[in-house]
Amino acid sequence: MMNKYIELIEKPQLAAKTDEIAVGDTVDVHCKIKEGDKERVQVFSGTVLCFNGRGLTRTFTVRRIVMNEGVERIFPTNSPNVVKVVKKRAGKTRRAKLFYLRDRVGKGTRLAEVAKAGKKGDAKSAD
């Protein structure tokens, strides 16, 4: 449980970048990379494994496979270096932390996609 005074101080500083993403989603994280005196935006695509912390210290872990090697990056949600987070696909999960994906390779790392709301009502009904 967080102290109410700390919560009051942190509330105006919170960024709402990751409110729409959840564990299991496939996301593109646009983050700033500084090389010498130049700055550019690099995209890291992968599956969200977990969320940790709360408030200003909240982070999320994204995993992807690069050249048959698993790569995980931990992004702070309130960092100015995280430009934006784009949700590409919603994954269906029954757990809060998907660490079991670390042991899987290839097609075994895919998660079932969440059915979009409104698909049932789109079909024309017979009178």
Original post:
When residues of the range 78-114 are filtered for being modelled with pLDDT under 90, part of a helix (DSSP H, G or I) and either within 15 Å of the chain's Cα centre (by Cα) or of a type in the set (A, V, I, L, M, F, W, C) (or both), how many remain?
Top reply: 0
Subject >> Within the range 38-51, considering residues that are closer than 29 Å to residue 105 by Cα and of a type outside the set (A, V, I, L, M), the one surrounded by the most Cβ atoms within 10 Å (Cβ to Cβ) >> reply: 47
Original post:
From the list 68, 81, 3, which one is of a type in the set (S, T, N, Q) and within 25 Å of residue 113 (Cβ to Cβ)?
Top reply: 68
Original post:
Would you call residue 9 of a type in the set (A, V, I, L, M), surrounded by fewer than 17 Cβ atoms within 10 Å (Cβ to Cβ) and at pLDDT below 95?
Top reply: yes
**OP:** Only residues that are surrounded by fewer than 15 Cβ atoms within 10 Å (Cβ to Cβ) and hydroxyl-bearing (Ser, Thr, Tyr): list them for the range 52-108, please.
**Re:** 57, 79, 100
**OP:** Would you mind stating whether residue 88 is touching a residue at least 60 places away in the same chain (Cβ under 8 Å), of a type in the set (Lys, Arg), within 23 Å of residue 115 (Cα to Cα) and in contact with a Leu (Cβ under 8 Å, 6 or more places away or on another chain)?
**Re:** no
Original post:
What are the pairs, 6+ residues apart or on separate chains, where a residue within the range 21-40 that is without any contact (Cβ under 8 Å) to a residue 40 or more places away in the chain has its Cβ under 7 Å from a residue that is charged (D, E, K, R) and loosely packed, with under 13 Cβ neighbours inside 10 Å?
Top reply: 33/40
**OP:** Any residue in the range 96-107 that's within 18 Å of residue 67 (Cβ to Cβ): show its pairings with residues that are modelled with pLDDT of 85 or more and basic (Lys, Arg) at Cβ separation under 8 Å, as long as the two are six or more apart or on different chains.
**Re:** 101/63; 102/63
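The values are calculated or read from the model by the stated rules, or taken from the named source; none is laboratory data. These numbers were taken from a predicted model, which means no experiment stands behind them. When we count neighbours, we look across all protein chains shown, and the Cβ atoms used for this are built from the backbone with ideal geometry, even at glycine.
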